[in-house]
1. Limited to the range 127-139, what total is found for residues that are more than 21 Å from A86 (Cβ to Cβ) and either in a helix (DSSP H, G or I) or touching a Pro at 6+ places or on another chain (Cβ under 8 Å) (or both)?
2. Could you tell me whether the range 148-169 includes any residue that is under 18 Å from A316 (Cα atoms) and more than 10 Å from the ligand (Cβ to nearest atom)?
3. Would you say V21 is among the aliphatic types (A, V, I, L, M) and either buried (at least 23 other Cβ atoms within 10 Å of the Cβ) or within 18 Å of the chain's Cα centre (by Cα) (or both)?
4. Can you list residue pairs whose Cβ atoms sit under 7 Å apart, with the first residue in the range 229-240 being modelled with pLDDT of 95 or more and the second being among the basic types (K, R) and surrounded by 18 or more Cβ atoms within 10 Å (Cβ to Cβ)? Count only pairs 6 or more apart in sequence or on different chains.
5. Within the range 168-182, does at least one residue satisfy the condition of being closer than 21 Å to T209 by Cα, part of a strand (DSSP E or B) and out of contact with any helix residue (DSSP H, G or I) (no Cβ under 6 Å at 6 or more places or on another chain)?
6. Given G273, G286, which one is farther than 27 Å from S120 by Cβ and surrounded by 15 or more Cβ atoms within 10 Å (Cβ to Cβ)?
7. Within the range 267-287, which residues are out of contact with any Gly (no Cβ under 6 Å at 6 or more places or on another chain), in contact (Cβ under 8 Å) with a residue 24 or more places away in the chain and within 22 Å of N142 (Cβ to Cβ)?
8. Can you tell me how many residues in the range 109-123 are buried (at least 23 other Cβ atoms within 10 Å of the Cβ) and assigned to a helix (DSSP H, G or I)?
Amino acid sequence: MRVRVAINGFGTIGKRVADAVAKQPDMELVGVTKTRPSFEATRAAEKGYKLYVAGSSGAAEFEKAGLPVAGTLDDLLHQVDVVVDAAPEKVGKENRKLYDAAGVRAIFQGGEKADVAEASFNALGNYATCVGKRTLRVVSCNTTGLARAASVISPAWGIDHWEATLVRRASDPAETKRGPINGILPTFLLPSHHGPDVRTIFPSLSIATTAVVVPTTLMHVHVNHVRLQRAPANAAEVLTAFRDTPRFHVFAPWEHVDGTPQVMEYARDRGIGFNDMMENVLWEEGVRVDEKDLYFFQAIHQESIVVPENVDAIRAMFQLAKDARDSIAKTDQAIGLPAP
Ligand code: NAD
């Protein structure tokens, strides 16, 4: 029996999760919601996804635009086993009341506070503790990147303390109302909220984060310094551990990937998802080991890194896989992500 899934909020994250769910053999995408007609609503209809109306607009607006509507959000909630909430941040908390009223399980995104759900989720980080839960929150793009890296580093060498500076993109490519377009904005919450958010996955991890926002739309970049408990032999040992883990992509120097522009050009060449880069991206030259000190850069494609995590969160909830690695392998094969 396939798990029946609804997507509430069909924007940057929602449309990607919808495509990923539609490709999974053990899941059925029953429908997606839009609050108003738009080119994204047209694309959903063209892909054969049933459209339901969320929010206060009526079906008439959609029908005027030539878009067939199958019902309201409430109609959709009564046909599914789980809803993936991908509405704008803080709206998920309000939506939770609708999901509770319909008696449906729910997965929320990282724009919500941790208490929106029973547990925060990252597939490599804490899949086992999320098995069977009725509500989960997939942590944000930056937290997902840090949690994945922690799940490689911590078991291999132990983490004494981790300092990370997050160089954050100003907006997503399609956003027109955010900035800066010229300038670097320090985040004056010191340390930033990302460290505590990583501890929703690894409660005892010693990590402190700081952040700046820069005028780019492509990706975030993390500048990491980890004081390890045991020294690796060399950087090659660390690179092998990352390469051997799903959802990491390491560029070699001969590939001539200087930074995020070429990473996203590679993603466009590769053509997975919406030309996405769902893996943590590292560079061979960007990993250095000095005794117990590990330094590394990683780039995070904010629009897509959480997409496979949402699919795994559904599997954890409904116990559709024997463990995290089994779920990750199924998800990634269906999406087309390479196995390590
Ligand atoms: P988005 O604005 O691109 O998409 C949100 C969609 O929800 C829009 O289509 C909007 O019309 C719709 N919507 C608005 N109100 C709604 C309602 N009441 N019910 C249903 N749908 C409604 O936002 P996004 O970037 O996809 O972000 C969604 C969530 O994912 C947020 O919690 C965000 O913090 C998180 N997230 C975003 C990114 C990112 O970089 N974009 C990365 C990771 C996590």
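The values are calculated or read from the model by the stated rules, or taken from the named source; none is laboratory data. Just so you know, these numbers come straight off a predicted model, no measurement behind them. All Cβ positions, even for glycine, are placed from backbone atoms using ideal geometry, and neighbour counts span all protein chains on display.
1. Going through the range 127-139, the residues more than 21 Å from A86 (Cβ to Cβ) turn out to be 128-129, 131-132.
With the extra rule that they be either in a helix (DSSP H, G or I) or touching a Pro at 6+ places or on another chain (Cβ under 8 Å) (or both), the set shrinks to 128-129.
The total comes to 2.
2. Within the range 148-169, the subset under 18 Å from A316 (Cα atoms) is 148, 151.
Next cut, more than 10 Å from the ligand (Cβ to nearest atom) only: 148, 151.
Yes, because at least one residue in the range 148-169 is under 18 Å from A316 (Cα atoms) and more than 10 Å from the ligand (Cβ to nearest atom).
3. Working: among the aliphatic types (A, V, I, L, M): yes; either buried (at least 23 other Cβ atoms within 10 Å of the Cβ) or within 18 Å of the chain's Cα centre (by Cα) (or both): yes.
Yes.
4. Filtered contacts from the range 229-240: no entries.
5. Yes; the residues of the range 168-182 include at least one that is closer than 21 Å to T209 by Cα, part of a strand (DSSP E or B) and out of contact with any helix residue (DSSP H, G or I) (no Cβ under 6 Å at 6 or more places or on another chain).
6. Details: G273 fails: farther than 27 Å from S120 by Cβ.
Only one candidate passes the filter, namely G286.
7. Of all residues in the range 267-287, those out of contact with any Gly (no Cβ under 6 Å at 6 or more places or on another chain) come to 267-271, 273-279, 281-287.
If we keep only those that are in contact (Cβ under 8 Å) with a residue 24 or more places away in the chain too, we end up with 267, 273-274, 276-279, 281-285, 287.
A267, G273, F274, D276, M277, M278, E279, V281, L282, W283, V287 - these are the residues of the range 267-287 that are out of contact with any Gly (no Cβ under 6 Å at 6 or more places or on another chain), in contact (Cβ under 8 Å) with a residue 24 or more places away in the chain and within 22 Å of N142 (Cβ to Cβ).
8. Qualifying residue count, the range 109-123: 1.
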